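What follows draws every value from the coordinates through simple rules; no lab data is involved. Keep in mind that this is a model prediction, so the values were computed, not measured. In this analysis, Cβ positions are derived from the backbone assuming ideal geometry, glycine residues included, and neighbour counts consider all displayed protein chains.
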Amino acid sequence: MNDLLDLTDELARRELAPRVDEYEREGRFPREVFTVLGGAGLLGLPYPQRWGGAEVGYTDYLQVLEILARRWLTVALGVSVHTLSCHALATAGTDEQRDAWLPDMLGGGLLGAYCLSETQSGSDAAGLRTTATREGDEYVLNGTKAWITHGGVADFYTVMTRTSPDRTAGITAFLVPGGTTGLSSATPERKMGMRGSVTAQVMLDDVRVPADRRLGEEGSGFRIALNALDSGRLGIAACAVGLAQGALDVAVDYARQREQFGSPIASFQGVSFTLADMATGIAAGRALYLDAARRRDSGEPFSTQAAMAKLFCTDMAMAVTTSAVQVLGGAGYVEDYPVERYMREAKVLQIVEGTNEIQRLVIGRALTQ
């Protein structure tokens, strides 16, 4: 495990750190970075070795995400999304499907996207309207997916569709190659943060998909999607901790060097207490996501714990990055230091893969039902 984390840290310093400021400023997608990470085996960590994965437990995989997010959230979240996009095939596909497609997906040459959300069905995942109609040995897919990370640049898409009117039992999953006729993407969204990450609508216009690209039985897609999101929420939690740690690193370094009234501002109680609160929140978030990961690795239920980790860690990251800007004062509000970007990036983590209001709903239901 230490070798894996050391490798990740080395790659983060060598491949991510020199690019991040320029790429985020220009809104440039770092496709070559994902190729490097894939070549190092970091795009298939939690999946079985039989299909090209590393069979690494989530306690280790999430720490990899944290290290990447400490340097560049766009890349860390991209790895998390790619892992999420492989989940349906890895867990619900047949051995024949996994043998045919999973090695390329896990081997690093391909990058995935996960298509669940739509403009009218973000938090209400069961409200999706994209349809898949059976025609002989094919399905014809029609609809529009929204807020898709890697939309337009992905090599494959895991797409949730409606195959019957039943609200939850009418949803079915498909694996769609990126170059399929009728699949296209809109102009990427202009986002507050994570500008290096491509987010776009994905349109399906009479997209014909062979029936053998259906993942699981018809009507099993909602269950597949929720199972994937439980794991994906842990990925977001780890990304949030990494982002917050990066912000703390900058704030501590600045507080040691910046002098006011003849002393480093780190010696002032107001600043040192703020740094202490930031560090404590990060440590608590890390402990929370690792506890949920250990439950997942041991086969115990972890859905509620994943919701708690996603909720706490992303709220914590928002607070920590805001505090980092405050510690730097005016310097924190300009682009000379990265904390203003960290603060903008933290906000989206409270929204993606289930808003934090949804996480509270999940936790509350677990407590009262």
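Summary of computed values
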| quantity | calculated |
| --- | --- |
| Kirkwood-based Rg to Rh ratio, the chain, C-alpha trace | 0.99 |
| Projected label distance in nm at Asp99 and Gln120, using a 7 Å step from Cα toward the beta-carbon | 4.3 nm |
| Unit Cα scatterers, Debye sum, segment 85-132: log10 I(q)/I(0) for q = 0.17 Å⁻¹ | -0.64 |
| Shape category assigned to segment 244-332 from the gyration tensor of Cα positions, a/c cut at 1.5 | prolate |
| Estimated inter-spin distance, Ala366 and Leu5, nm [label 7 Å along Cα→Cβ] | 2.4 nm |
| Between segment 219-274 and segment 1-74, the alpha-carbon center distance in angstrom | 18 Å |
| Relative contact order (%) - criterion: Cα under 8 Å, at least six apart; region: segment 81-239 | 26 percent |
| Projected-area mean, segment 2-106, by convex hull of Cα positions, square nanometres | 6.4 nm² |
| Length gained when the stretch Asp206-Asp137 is fully extended (0.36 nm per residue, less Cα-Cα span) | 23.4 nm |
| Relative contact order computed over the chain (Cα-Cα under 8 Å; 6+ residues apart), in percent | 16 percent |
| Footprinting exposure proxy for Val140, Val56 (fewest neighbouring C-beta atoms within 10 Å first) | Val140, Val56 |
| Residues Phe273, Phe261 arranged by fewest to most Cβ contacts within 10 Å | Phe261, Phe273 |
| Value of D in µm² per second that Stokes-Einstein yields for segment 214-265, Kirkwood Rh from Cα pairs, at 25 °C (0.890 mPa s) | 168 µm²/s |
| Amide H partners (placed H, <5 Å) of Tyr139, local residues excluded | Val209, Ala211 |
| Order of Trp51, Trp101, Trp72 under a 10 Å beta carbon neighbour criterion, fewest first | Trp101, Trp51, Trp72 |
| The chain: most fluctuating residue of Gly330, Gly216, Gly44 per GNM, C-alpha cutoff 10 Å | Gly330 |
| The chain: angle of helix 58-71 to the longest principal axis, Cα-based, in degrees nearest 10 | 60 degrees |
| Nearest-0.05 FRET efficiency for Glu32 and Gln269, computed from C-beta distance (R0 51 Å) | 0.65 |
| Helical contribution to [θ] at 222 nm, DSSP H n ≥ 4, -39,500 (n - 2.57), averaged over the chain, rounded to 500 | -17000 deg cm²/dmol |
| Tensor-based shape of segment 112-219 (alpha-carbon gyration tensor, a/c under 1.5 rounded, otherwise prolate or oblate) | oblate |
| Distance (nanometres) between label positions extended 7 Å along Cα→Cβ at Asp166 and Ala331 | 6.1 nm |
